[in-house]
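Trainee: Got a structure for you, written out below as structure tokens; questions coming shortly.
The values are calculated or read from the model by the stated rules, or taken from the named source; none is laboratory data. Just so it is clear, the model here is predicted, and its values are computed rather than measured. As a convention, Cβ positions derive from the backbone with ideal geometry for all residues, glycine included, and neighbour counts pool all protein chains shown.
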Amino acid sequence: MNDKGYVLSLTSFLLIIPAFLLVIILINMSVSQTGNHESILTSDDVLGVAKDLETQLPQTGREVLKHKSEEVIESGNPLSNSRNEIKDEIQNRMDIWCLRYDPDGIRAHCDVLCVDNSQDPFQIEIKSTINVQKGEIKHMVNLSQNISLINESFPIMDPLPFLKCKEYGGVTIGKNKTLYGSSLSKYLKSRGLNNSQAYENATSPLFIKKCPYSPYELHGSTHNFVNLKNCIDNGFYHESNDGACFFCRLEGHGVCPHYGMETFILPAPSVNLTSNNSSEVATSSLDHVIFDEISFGTYSGHLLVYFQDGTDYSYLFLDNSHRKKYGLPLWE
Ligand SMILES: [Zn+2]
Ligand SMILES: [Zn+2]
């Protein structure tokens, strides 16, 4: 090797140093970028699970409402504190649901704080806190969600008739209807109410459905009571100050202090009527009037025929204040 060669290899060595440095810097940069990327992924995971729980809670809530109503109907036993029992059941189911995130190293928890009436009697309110954590990243949300009792593909049964008539022979389930057989007339008779036999073989809606006629006066606005008949045939429920809310229905109360709902209980269609029967009187056909626990809360109404099919008359008994509410002709 001559001098020239020596100088050349020294130069190339000096040239290699910055290249080395560059490579080291690039490696460092890419390592720290991976670190950032990882923490972004983790925070995405955590937010995703929180969102997941937010969607899952109302679904679980609806399942529990449906399940509790079925449980009461099957056992014939009212719940003693429906809000707490529903809350506890939702909590249990959410605890189980949250375990599914463990294998991903995500600790998720949903605290159901309270279950109560909402402004709308066809909804209930659930308050909860959701906590999700993965590594250093934590996320917490406070939620207040309304769950609807009305869902056509997931209908919820009204447990009240099953509880009220249990001691009087019970009721049975027909197609979308609660069938009272003789139990309702026996129940009314036991309370010393007049014309209790008018409710022999009565029926009422099985599922809670919200009446779409709004304002309610529309029920009486059509010729021949077409809207009223349509409402009754569909088994709709209406908002009511006097009617029981869903929680109190589960506890077997026909009336309650909360803003609730009411539906019609219908006497069986009859052939033995003429229009001059309109002076006939029986307990007014609203469920909260029939199932009121205090005698003076139960009042009578006059017969109103709303449909005639050949020889069969469809009718109900209505007091004047409910006739007014539904826009139906008053009885003088
Ligand atoms: Zn209606
Ligand atoms: Zn209530």
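Trainee: Mind counting the residues in region 257-279 that are closer than 20 Å to Ser300 by Cα and either within 16 Å of ligand 2 (Cβ to nearest atom) or at pLDDT 95 or above (or both)?
Mentor: Selection size over region 257-279: 8.
Trainee: Within region 195-206, how many residues turn out to be touching a strand residue (DSSP E or B) at 6+ places or on another chain (Cβ under 7 Å) and surrounded by fewer than 19 Cβ atoms within 10 Å (Cβ to Cβ)?
Mentor: 1
Trainee: Now for a separate question. Given the criteria within 14 Å of Thr60 (Cβ to Cβ), surrounded by fewer than 17 Cβ atoms within 10 Å (Cβ to Cβ) and out of contact with any Leu (no Cβ under 6 Å at 6 or more places or on another chain), does Asp116 qualify?
Mentor: No; evaluated as a whole, the condition is false for this residue.
Trainee: Would you mind finding the one in Asp102, Asp111, Asp116 that is farther than 22 Å from Phe291 by Cβ and either at pLDDT below 95 or in a helix (DSSP H, G or I) (or both)?
Mentor: From the options Asp102, Asp111, Asp116, the qualifying one is Asp102.
Trainee: To continue, here is another question. So Ser190 fits all but one of (1) more than 16 Å from ligand 2 (Cβ to nearest atom); (2) within 23 Å of Ser321 (Cβ to Cβ); (3) of a type in the set (Ser, Thr, Tyr); what number is the exception?
Mentor: In the conditions (1) more than 16 Å from ligand 2 (Cβ to nearest atom); (2) within 23 Å of Ser321 (Cβ to Cβ); (3) of a type in the set (Ser, Thr, Tyr), Ser190 misses (2) alone.
Trainee: Ok, one more. Spot the failing condition for Phe296; the list is (1) more than 20 Å from Gly181 (Cα to Cα); (2) touching a helix residue (DSSP H, G or I) at 6+ places or on another chain (Cβ under 9 Å); (3) in a helix (DSSP H, G or I), and only one is missed.
Mentor: (2)
Trainee: Taking Leu179, is it crowded, with 16+ Cβ neighbours inside 10 Å, over 30 Å from Leu330 (Cα atoms) and either β-branched (Val, Ile, Thr) or in contact (Cβ under 8 Å) with a residue 24 or more places away in the chain (or both)?
Mentor: No, not satisfied.
Trainee: Further question: If a residue has to be without any contact (Cβ under 8 Å) to a residue 60 or more places away in the chain, within 16 Å of ligand 1 (Cβ to nearest atom) and β-branched (Val, Ile, Thr) to count, how many in region 226-281 make the cut?
Mentor: Selection size over region 226-281: 1.
Trainee: Take His139 and decide whether it is within 16 Å of ligand 1 (Cβ to nearest atom), outside any loop (DSSP other than H, G, I, E, B) and in contact (Cβ under 8 Å) with a residue 24 or more places away in the chain.
Mentor: Against the criterion (within 16 Å of ligand 1 (Cβ to nearest atom), outside any loop (DSSP other than H, G, I, E, B) and in contact (Cβ under 8 Å) with a residue 24 or more places away in the chain), His139 does not qualify.
Trainee: OK, next. Tell me the residue from Leu250, Leu218 that is closer than 19 Å to Asn320 by Cβ and either within 16 Å of ligand 2 (Cβ to nearest atom) or at pLDDT 95 or above (or both), please.
Mentor: Residue meeting the stated conditions: Leu218.
Trainee: Condition first: touching a residue at least 12 places away in the same chain (Cβ under 8 Å) and out of contact with any strand residue (DSSP E or B) (no Cβ under 9 Å at 6 or more places or on another chain). Now tell me which residues in region 282-310 satisfy that.
Mentor: Ser295, Asp309
Trainee: If Ile124 passes every condition in (1) at pLDDT 95 or above; (2) surrounded by fewer than 21 Cβ atoms within 10 Å (Cβ to Cβ); (3) not in a helix (DSSP H, G or I) but one, which one does it miss?
Mentor: (2)
Trainee: So which pairs qualify, if the first residue must be in region 107-118 and touching a residue at least 60 places away in the same chain (Cβ under 8 Å), the second must be assigned to a loop (DSSP other than H, G, I, E, B), the Cβ gap must be under 9 Å, and the two must be at least 6 apart or on different chains?
Mentor: That search, which allows pairs on different chains as well, returns Asn117/Cys245; Asn117/His258; Asn117/Tyr259.
Trainee: Does at least one position in region 233-241 carry a residue that is over 17 Å from His322 (Cβ atoms), of a type in the set (Asp, Glu) and in contact with a Pro (Cβ under 8 Å, 6 or more places away or on another chain)?
Mentor: No, region 233-241 contains no residue that is over 17 Å from His322 (Cβ atoms), of a type in the set (Asp, Glu) and in contact with a Pro (Cβ under 8 Å, 6 or more places away or on another chain).
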